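*Asks:* Below are the structure tokens for one structure; questions will follow.
The values are calculated or read from the model by the stated rules, or taken from the named source; none is laboratory data. Remember, it's a predicted structure, so these values are computed and weren't measured experimentally. Cβ atoms come from the backbone with ideal geometry, glycine included; neighbour counts cover every protein chain shown. Accessible surface is based on the protein model in full, side chains and every heavy atom, while ligands, DNA and RNA are left aside. Shrake-Rupley method; radii C 1.70, N 1.55, O 1.52, S 1.80 Å.
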Amino acid sequence: MDSTLLAGIFGLVGSIIGGLCSYYGIKKATDDNIRAQQVRIKQEKDLNKKASARIIYIDLFTAIREIIRVRRGDRGAPHNISAARDFSVHIANLSNHLSFEEMVLINKLYGLVEKIRLDIINSSFISSPDEKIRFSSDLLGQELFGDRFAEVAKRTDYRAIDREFLIASMKEDYGRLFNKIKDLAI
């Protein structure tokens, strides 16, 4: 056999082997990169879920603390009530873990908190500032605790809130929801 032909055949076989090795090497590196990105995305979603659950939990317990304080008549009306302005993003971050009904309940609570916040902003604090704020606070309290709100407010020191007592005192659907959010935050 001619040495030129033999060199060409070896060159062709070497190119094919090199091409296949290169293809499989690149494919493996790409697959590893995709897997690493998927793991990172999953970790980031988990962190977002936990952060959103914590924000919702803290926002709503802060509001509960303030409505209890208003109900008890301690120190007059609150000067402000804080809640995440982008709460819908936090609810969406939990959408894979909550039912539609649970998301509606959270949204409803944020709406009531926002009403209290707007009542505080629009209050002049000169002529009966507590009336609208007390009414809005009672709406939120009734939504969460039903007819037990007055008794819960009376038995609760707003400075040292016993979250377990409050959750146990809530209407059943809200109690389950708060426990679920607490678990998602961990």
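*Asks:* For the structure I just gave you, tell me whether Ser52 is touching a His at 6+ places or on another chain (Cβ under 9 Å), farther than 17 Å from Met170 by Cα and either among the charged types (D, E, K, R) or buried (at least 19 other Cβ atoms within 10 Å of the Cβ) (or both).
*Replies:* Working: touching a His at 6+ places or on another chain (Cβ under 9 Å): yes; farther than 17 Å from Met170 by Cα: yes; either among the charged types (D, E, K, R) or buried (at least 19 other Cβ atoms within 10 Å of the Cβ) (or both): yes.
The answer is yes for Ser52.
*Asks:* A further question on this structure: With Gly25, Gly14 as the choices, which residue is more than 53 Å from the chain's Cα centre (by Cα) and either of a type in the set (A, V, I, L, M, F, W, C) or open to solvent by less than 90 Å² (accessible area, probe 1.4 Å) (or both)?
*Replies:* On the way: Gly25 fails: more than 53 Å from the chain's Cα centre (by Cα).
Of Gly25, Gly14, the one residue that is more than 53 Å from the chain's Cα centre (by Cα) and either of a type in the set (A, V, I, L, M, F, W, C) or open to solvent by less than 90 Å² (accessible area, probe 1.4 Å) (or both) is Gly14.
*Asks:* Further, regarding this structure: Looking at the range 123-144, can you tell me whether even one residue there is touching a Phe, Trp or Tyr at 6+ places or on another chain (Cβ under 6 Å), in a helix (DSSP H, G or I), of a type in the set (A, V, I, L, M) and modelled with pLDDT of 90 or more? Working first, answer last.
*Replies:* Taking the range 123-144 as the starting set, the residues that turn out to be touching a Phe, Trp or Tyr at 6+ places or on another chain (Cβ under 6 Å) are 141-142, 144.
Applying the additional criterion that residues be in a helix (DSSP H, G or I) yields 141-142, 144.
Subsequent filtering for residues that are of a type in the set (A, V, I, L, M) retains 144.
Narrowing further to those that are modelled with pLDDT of 90 or more: 144.
Yes, the range 123-144 contains a residue that is touching a Phe, Trp or Tyr at 6+ places or on another chain (Cβ under 6 Å), in a helix (DSSP H, G or I), of a type in the set (A, V, I, L, M) and modelled with pLDDT of 90 or more.
*Asks:* Which of (1) at pLDDT 90 or above; (2) within 25 Å of the chain's Cα centre (by Cα); (3) open to solvent by 30 Å² or more (accessible area, probe 1.4 Å); (4) of a type in the set (S, T, N, Q) does Asn80 not meet, given it meets every other one?
*Replies:* Asn80 satisfies every listed condition except (1).
*Asks:* In this structure, is Ser88 more than 18 Å from Phe149 (Cα to Cα), open to solvent by 40 Å² or more (accessible area, probe 1.4 Å), outside any helix (DSSP H, G or I) and at pLDDT below 95?
*Replies:* Details: more than 18 Å from Phe149 (Cα to Cα): yes; open to solvent by 40 Å² or more (accessible area, probe 1.4 Å): yes; outside any helix (DSSP H, G or I): no; at pLDDT below 95: yes.
Against the criterion (more than 18 Å from Phe149 (Cα to Cα), open to solvent by 40 Å² or more (accessible area, probe 1.4 Å), outside any helix (DSSP H, G or I) and at pLDDT below 95), Ser88 does not qualify.
*Asks:* Of all residues in the range 152-172, how many are open to solvent by less than 60 Å² (accessible area, probe 1.4 Å), under 18 Å from Ile56 (Cα atoms), in a helix (DSSP H, G or I) and touching a residue at least 40 places away in the same chain (Cβ under 8 Å)?
*Replies:* 1
*Asks:* Same structure again: Within 15 Å of Asp59 (Cβ to Cβ), open to solvent by less than 70 Å² (accessible area, probe 1.4 Å) and within 19 Å of the chain's Cα centre (by Cα) - does that describe any residue in the range 132-151?
*Replies:* Yes.
*Asks:* So if I check each of Asn96, Asn48, which one is under 12 Å from the mean Cα position of the chain (by Cα), outside any helix (DSSP H, G or I) and polar (S, T, N, Q)?
*Replies:* Values: Asn48 fails: outside any helix (DSSP H, G or I).
Of the residues listed, the single one that is under 12 Å from the mean Cα position of the chain (by Cα), outside any helix (DSSP H, G or I) and polar (S, T, N, Q) is Asn96.
*Asks:* Among the listed residues Ile116, Ile186, Ile120, Ile181, which satisfies the condition of being surrounded by fewer than 15 Cβ atoms within 10 Å (Cβ to Cβ) and aliphatic (A, V, I, L, M)? Steps first, please.
*Replies:* Details: Ile116 fails: surrounded by fewer than 15 Cβ atoms within 10 Å (Cβ to Cβ); Ile120 fails: surrounded by fewer than 15 Cβ atoms within 10 Å (Cβ to Cβ); Ile181 fails: surrounded by fewer than 15 Cβ atoms within 10 Å (Cβ to Cβ).
Exactly one of Ile116, Ile186, Ile120, Ile181 is surrounded by fewer than 15 Cβ atoms within 10 Å (Cβ to Cβ) and aliphatic (A, V, I, L, M), namely Ile186.
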